[in-house]
Structures are given as structure tokens and as C-alpha cells.
1. Suppose we keep only residues that are charged (D, E, K, R) and over 22 Å from G77 (Cα atoms) within the range 1-18. Which one would you say is farthest from the ligand (Cβ to nearest atom)?
2. If I go through the range 8-18 residue by residue, how many of them are surrounded by fewer than 19 Cβ atoms within 10 Å (Cβ to Cβ) and either under 20 Å from H57 (Cα atoms) or among the aliphatic types (A, V, I, L, M) (or both)?
3. Take the conditions in contact (Cβ under 8 Å) with a residue 12 or more places away in the chain and touching a His at 6+ places or on another chain (Cβ under 9 Å) and apply them to D65. Does it pass?
4. Report the residue count in the range 24-52 for those that are within 12 Å of the ligand (Cβ to nearest atom) and within 11 Å of the chain's Cα centre (by Cα).
5. What are the residues in the range 19-77 that are in contact with a helix residue (DSSP H, G or I) (Cβ under 8 Å, 6 or more places away or on another chain), outside any loop (DSSP other than H, G, I, E, B) and surrounded by fewer than 12 Cβ atoms within 10 Å (Cβ to Cβ), if any?
6. Report whether or not N21 is of a type outside the set (A, V, I, L, M, F, W, C) and within 11 Å of the ligand (Cβ to nearest atom).
Amino acid sequence: MIPFSQTWPYETIGKDVYVMNCPYCEASNVLLPLKVAELPAIHDGKKRLLVFPCCNHSLSIIDVDADYLLTDKRLRG
Ligand SMILES: [Zn+2]
């Protein structure tokens with residue numbers, strides 16, 4: 001079970017994934033270098049390195065649900 005502090009909400013538009021706010025630099029509406037089509041594989045256990053285009057911070061996505069990216073980094077609290 002991944003703690004809530006390591007989760008971040010995401011949204012999708014068409015094939016693209018974005019976040020309302022970056023957890024690191026607070027940029028808004030950040031389009032991620034990640035496609036909706038990749039989400040099932042991540043949910044099945046494929047770790048995915050994610051580099052935020054706004055500030056180059058990186059983390060690994062280790063799972064995903066309908067609303068949240070679940071990561072290896074503490075993002076809040
Ligand atoms: Zn950022």
C-alpha cells in the first residue's frame with residue numbers, strides 16, 4: 001500500500017496525461033511526457049520514470065489508479 005503522501009492527482013485529455021499543478025515547482029496544467037496508453041502497463045507493475053518538463057524533477061511512477069499517480073517520492077505533507 002502506497003502512502004497518500006506519495007500520490008499525485010492527474011487528469012487526461014485525449015491521449016495525453018497532465019497534472020493541474022506540479023508537486024515541485026507549482027507550475028499549472030503541466031502536460032506530462034506520458035500517454036494514457038501507458039497507464040495499464042504501469043498498473044500491471046511496469047515502473048515508469050517521469051521527468052517533469054517544467055522543472056526537470058524526476059520520480060518513478062510505481063502504480064496508477066483512476067485518479068492518482070502513485071510514486072516512489074514523498075510529494076506532500
Ligand atoms: Zn515542475
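1. Start the filter on the range 1-18 by keeping residues that are charged (D, E, K, R), which leaves 11, 15-16.
In the following step, the residues that additionally are over 22 Å from G77 (Cα atoms) were identified as 15-16.
Values: K15: 22, D16: 17 Å.
The selected residue is K15.
2. Here is the first cut: in the range 8-18, the ones surrounded by fewer than 19 Cβ atoms within 10 Å (Cβ to Cβ) are 9, 11-16, 18.
The next check asks that each one be either under 20 Å from H57 (Cα atoms) or among the aliphatic types (A, V, I, L, M) (or both); those that pass are 9, 11, 13, 16, 18.
Summing the residues that are surrounded by fewer than 19 Cβ atoms within 10 Å (Cβ to Cβ) and either under 20 Å from H57 (Cα atoms) or among the aliphatic types (A, V, I, L, M) (or both) in the range 8-18 gives 5.
3. On the way: in contact (Cβ under 8 Å) with a residue 12 or more places away in the chain: yes; touching a His at 6+ places or on another chain (Cβ under 9 Å): yes.
Here the answer is yes, as D65 does meet what is asked.
4. Applying the first criterion (within 12 Å of the ligand (Cβ to nearest atom)) to the range 24-52 yields 24-32, 50-52.
Now drop any that are not within 11 Å of the chain's Cα centre (by Cα), which leaves 30-32, 50-52.
Residues in the range 24-52 being within 12 Å of the ligand (Cβ to nearest atom) and within 11 Å of the chain's Cα centre (by Cα): 6 in total.
5. Listed by number, the list is empty, since nothing qualifies.
6. Working: of a type outside the set (A, V, I, L, M, F, W, C): yes; within 11 Å of the ligand (Cβ to nearest atom): yes.
So N21 fits the description; yes.
Bear in mind that the values in this text are calculations on the coordinates, not laboratory data. The model shown is predicted, which means the values in this text are computed figures rather than measured ones. Note: ideal-geometry Cβ built from the backbone for every residue, glycine included; neighbour counts use all protein chains shown.
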